[in-house]
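Everything below concerns the one structure shown next.
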Amino acid sequence: MSTLLARTRLSNPSPFLRRFLSSSPPISPLPPLPNPVDRNVQWIFLGCPGVGKGTYATRLSSLLSVPHIATGDLVRDELSSSGTLADQLREIVNRGELVSDEIIFSLLSKRLAAGKAKGESGFILDGFPRTINQAEILKGVADIDLVVNLKLREDVLLEKCLGRRICSQCGKNYNVASINVKGQNGRPGMSMAPLLPPQHCMSKLITRADDTEEVVKERLRIYYEKSQPVEEYYRSQGKLMEFCLPGGIPESWPKLLEALKLDDYEEKQLAAA
């Protein structure tokens, strides 16, 4: 247990990522948001690997009663099915190639159509689109009204990524990093508690082969490099909100709701429950 909970030791963060993450304010200006219950929510959550897109998108999905759609889940669901597309996907994955935009949008369009048929009132996309081409194609499929770009300081993000673990039996994701960074040079400190598994999963935790410091840094560098055009694409349309996470879920969730003007909405939902 003590080994799992030990903080990950990191070397100095890269200047490139440090400049990138410190270049934006915690929350960027955003036009007033209408009450989500008065319209279809068609939101996108962007952010680098490990920042917590799925965590916060899932929470908002539950709060607003709209589906949380992650393209990775769509691919995995299709792989578990039978048919021509599933066979094609298996060949692509087995070759280690990226799934094409055409296939991704085929899966996404199929999912949105199924949701519309069931009466779903919107969606929250997780980590998509990742390129300008994907954003342009998506524009013809959905009327995106808000893009939330989650950011986290690099030293904390690296510890978080390196603390990721997967249960080899149930497949669920956990995080053993206990993060407690002291404030210095005018920069506030930050704490994040580990997300530990139940006791029966503890001995079955494994680390992904590519979750090494070198690989994670390179993955982040590539993400930032490719994400900037997409961020600018939505920023120019007045749809981008940049939100720097101030800590773990207890610190970040209330502030994110406040930024989205949903804090009163959550209180009303809790009171009605």
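Cβ crowding within 10 Å ranks S168, S191 as S168, S191, fewest other Cβ atoms first. Here the spin labels are modelled as points 7 Å beyond Cα on the Cα-Cβ line, and at E232 and S109 they lie 3.0 nm apart. Remark: spin-label model distance I222-T131 equals 1.3 nm, labels positioned 7 Å along the Cα→Cβ axis. Which value in Å is the Kirkwood Rh of segment 166-248 over different Cα pairs? Value: 16.2 Å, from the Cα pair sum.
At a 10 Å Cβ-Cβ cut-off, how would you order R235, R153, R95, fewest neighbours first?
R95, R235, R153
Each Cα pair under 8 Å and six or more residues apart adds its sequence gap; the mean of these over the residue count of segment 125-273 is a relative contact order of 29 percent.
Values in this text are rule-based calculations from the coordinates and carry no lab data. Being a predicted model, the structure only gives us computed values, none of them experimental. Virtual Cβ from ideal backbone geometry, glycine too; neighbours counted across all protein chains shown.
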